[in-house]
1. So, in the range 14-33, how many residues would count as being under 22 Å from residue 67 (Cβ atoms), touching a residue at least 24 places away in the same chain (Cβ under 8 Å) and part of a helix (DSSP H, G or I)?
2. Of everything in the range 40-54, what is within 17 Å of residue 6 (Cβ to Cβ) and either in a loop (DSSP other than H, G, I, E, B) or modelled with pLDDT of 95 or more (or both)? Give them in sequence order.
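The values are calculated or read from the model by the stated rules, or taken from the named source; none is laboratory data. Predicted model, so just to flag it, every value in this text is computed and none were measured. Cβ atoms come from the backbone with ideal geometry, glycine included; neighbour counts cover every protein chain shown.
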């Protein structure tokens, strides 16, 4: 999954009163991982991790992360 905007993630952290460590524990990742997302040095993660972060912050799925299409995926053709 691709993080839409690191600043938006930071705003949700602040609004919820969470530290990066709090969110990391709730989402099952390290504080350092959350830090990399909030600074923009990392923009992607697995779908389960993105879903856990959004769930931990109580946001609608797809608010913070966009699904990325696999490079092996083939386009759908309607017939």
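1. 3
2. 40, 41, 42, 43, 45, 49, 50, 53, 54
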